[in-house]
Structures are given as C-alpha cells and as structure tokens.
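First comes the structure, then the notes that go with it.
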Amino acid sequence: MANCEHETNEQLYEECAICESTKKKGMHLYNIFICSECEDVLIHTETNNPLYNEHVEKLKKMNISSIYS
C-alpha cells in the first residue's frame with residue numbers, strides 16, 4: 001500500500017521549463033509546465049531586466065510541436 005502512495009505522490013511533480021527544477025505547484029501553458037515561483041518572477045520582472053529576456057527565451061520552447069508526423 002505504501003508503494004502505491006509513493007508512486008502517486010511522485011507523479012504530481014513536473015520539471016519547470018524555466019528553472020528546470022522538479023516542482024509540485026505550477027501551471028501548464030500549451031505543452032510546458034511553469035512552476036509557481038518562476039511564474040511569480042516572470043510576472044513581477046521588468047521587461048528591461050536581462051532575467052526577463054532569459055525567461056522569454058526559455059518560454060519559446062512551447063512553440064516547438066511535440067507531435068511529429
């Protein structure tokens with residue numbers, strides 16, 4: 001029973017497309033996951049900050065299709 005519980009908890013974690021850490025809380029935007037911390041940083045970072053541009057570059061991953069024909 002404990003193994004089933006452990007496996008279920010691990011499935012709740014996903015890799016953030018920005019910080020590349022495995023996190024539990026966040027949001028899905030198209031085909032990528034963004035953790036709550038990175039979402040907060042992105043929202044509150046000024047557009048002239050180099051960190052903002054770095055995050056935007058990482059978000060461009062969502063334009064790459066996951067389906068290949």
Pull up region 37-60, narrow it to residues that are of a type in the set (Ser, Thr, Tyr) and open to solvent by 50 Å² or more (accessible area, probe 1.4 Å), then point me to the one that is farthest from the chain's Cα centre (by Cα). THR47
Just one of the numbered conditions (1) among the hydrophobic types (A, V, I, L, M, F, W, C); (2) at pLDDT 90 or above; (3) open to solvent by 80 Å² or more (accessible area, probe 1.4 Å) is not true of ILE18; which one? (3)
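The values are calculated or read from the model by the stated rules, or taken from the named source; none is laboratory data. All values derive from a computational prediction rather than experimental measurement. Protein only, heavy atoms only, side chains kept; ligands, DNA and RNA dropped before computing areas. Shrake-Rupley method; radii C 1.70, N 1.55, O 1.52, S 1.80 Å.
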